[in-house]
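Below is one structure, written out as structure tokens; the observations come after it.
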Amino acid sequence: MGNHLTTLCVIASTLALAACTEGTGARGIAPVSLALSSAAGATAPAAAQAGGSETFTDGTNTLVISSVEVVLRKIELKRADAAQPAGCAMSTSGITASEGGECGEQNDELEAGPVLVDLPLGGIERTLTADVPSGTFDGLEFQIHKLSNAGDAADQDFLKAHPDFAGISIRVKGTFDGADFTYTSDLDAEQELKFEQPVVVEAGKPASLTIKLDLDGWFRSGSSTLVDPATAATGAQNENLVRDNIVRSFHAFQDNDEDGVDDGLEGHDGGH
């Protein structure tokens, strides 16, 4: 079974750079940007793509994903010397997820949000660039954020532009065995992705990080059988299965040459 990876290359905030930690001026800064891509990268087998959609099969059922939208908030790089907060144990996959909770200390923040990420299936898109303090980082934190009508001012402003996202954080559209579906989730979780190799940001030198999302695994059971997204709705039998799959689908690493492959595995820094 081909494992198609949709790529979110995170090198900066899409909206605004938050106040950095004390001592930023002495460390210097480096430009970092944000790009979105569905390119699988050199190590991943190709999956069926056509017209901005992605197709997956288990030999019996066929899932076509035509749109994936995710609301993200509070993106921050975790400094290598930052202490791991209590109650947020890292999983063996290198991911910490805490629904509705705050797992991170105050690090160097790329504070965006809330921001709607519309994954460019079958394509690539670059967004804004911001300046980030130089240093060594061992993780990336962000929130998959459920919007609330009772939320803060940022939520209220977002919902004025996107009222259909009230109460949800994720929306996926497509077909399952030819029948249209729209899947939504109210997942509200903070993700901490651990870098296998520390990420080094040098003053004045552009740097790039990549988050890979394994969309192929979102709507699959433990036996790799595709599940009907309708069965993953709130209160339905596969709700928790799909939510857990989504949480586990994020992976992050340094990718200065933006080819979707961990620079640490390529044996070079992928400089621009």
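The values are calculated or read from the model by the stated rules, or taken from the named source; none is laboratory data. Keep in mind that what you see is a predicted model, and the values were worked out from it rather than measured. Glycine also receives a Cβ, built like all others from the backbone with ideal geometry; neighbour counts cover every protein chain displayed.
Key figures for this structure:
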| item | result |
| --- | --- |
| Filtered residues of segment 146-156 (kept if under 21 Å from the mean Cα position of the chain (by Cα) and either over 30 Å from residue 78 (Cβ atoms) or surrounded by fewer than 14 Cβ atoms within 10 Å (Cβ to Cβ) (or both)) | none |
| Identity of the residue in segment 157-199, modelled with pLDDT of 95 or more and polar (S, T, N, Q), that ends up surrounded by the fewest Cβ atoms within 10 Å (Cβ to Cβ) | 182 |
| For residue 206: the one exception among (1) in contact (Cβ under 8 Å) with a residue 24 or more places away in the chain; (2) over 19 Å from the mean Cα position of the chain (by Cα); (3) at positive phi | (3) |
| Total residues in segment 50-76, condition farther than 26 Å from residue 193 by Cα and either over 18 Å from the mean Cα position of the chain (by Cα) or among the aliphatic types (A, V, I, L, M) (or both) | 13 |
| Selection within segment 142-200 - of a type in the set (S, T, N, Q), part of a loop (DSSP other than H, G, I, E, B) and in contact (Cβ under 8 Å) with a residue 24 or more places away in the chain | 169 |
| Residue match in segment 167-174 (condition: under 30 Å from residue 80 (Cβ atoms) and not β-branched (Val, Ile, Thr)) | yes |
| Residue 203 outside any strand (DSSP E or B) and either closer than 30 Å to residue 131 by Cα or charged (D, E, K, R) (or both) | yes |
| Test for residue 232: is it under 21 Å from the mean Cα position of the chain (by Cα) and crowded, with 19+ Cβ neighbours inside 10 Å | yes |
